[in-house]
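Participant: Take a look at this one; I'll ask things after.
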Amino acid sequence: MRHAKKAATNLVQSDWMATEKVKQWWPAIVHGTTYGLPFPLITRYPLTCAAIVATHVVLDRYRAAEYLVWARNLPAPASRRVARADGRKNQGSPVAVPSGLANALVIVADDTVHLAIGAAALACGG
């Protein structure tokens, strides 16, 4: 499944999809649909594929991984927590974190969530 996800994300996602999916529904839907193209090779269950595609569209549209990166700092002492306004400026990370590292953290979080959802969907539905 990991290879299907990587192929869908890295080979099929255009720059338009990557930059606009967090701003508009249409690019998010197109990206989610192309992301889902390899999954019928793994499962024959349409509902499993639909669950993977639908969650991918919604998570990417709302950039949920950014909130996950931000929320991981909530259990820290108050002095080390990232204010939500600061998190919005740097993809969920403290403003002192270099932007390239902040971007990498969001990508890792995003990939992890999508892989977990895909694995769960495949385990539950085939």
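The values are calculated or read from the model by the stated rules, or taken from the named source; none is laboratory data. A quick note: this is a predicted structure, and the numbers were derived from the prediction, not measured. No Cβ is skipped: glycine too gets one built from the backbone with ideal geometry, and neighbour counts run over all protein chains shown. Calculation scope for accessible area: heavy atoms of the full protein, side chains included, ligands and nucleic acids excluded. Shrake-Rupley method; radii C 1.70, N 1.55, O 1.52, S 1.80 Å.
Participant: With +1 on the Cβ of every Lys and Arg and -1 on the Cβ of every Asp and Glu, and nothing else charged, how large is the dipole of the chain about its Cα centre, in debye rounded to the nearest 20?
Facilitator: Rounded to the nearest 20 debye, it is 260 debye.
Participant: Name the residue from PRO98, CYS124, VAL108 whose Cα lies farthest towards the positive end of the charge dipole of the chain, charges +1 on Cβ of Lys and Arg and -1 on Cβ of Asp and Glu.
Facilitator: PRO98
Participant: Please give the peptides 93-102, 21-30 ranked by average Cβ packing (other Cβ atoms within 10 Å per residue), highest first, as a rough proxy for protection.
Facilitator: The packing order, highest mean first, is 21-30, 93-102.
Participant: Can you work out the base-10 log of I(q)/I(0) for region 15-76 at q = 0.13, 0.18, 0.25 1/Å, using the Debye formula on its C-alpha atoms alone?
Facilitator: -0.41, -0.67, -0.94
Participant: Using a 1.4 Å probe on the protein heavy atoms, what percent of the accessible area of the chain belongs to carbon and sulfur?
Facilitator: Reported share for carbon and sulfur atoms: 66 percent.
Participant: Same structure, new question: So with the 1.4 Å probe, I'd like the accessible area per residue for the chain, rounded to whole Å².
Facilitator: Ligands and nucleic acids excluded, the figure is 58 Å² per residue.
Participant: Compare VAL113, VAL12, VAL53 in a GNM of the chain, Cα atoms joined below 10 Å, and give the one with the largest fluctuation.
Facilitator: VAL12
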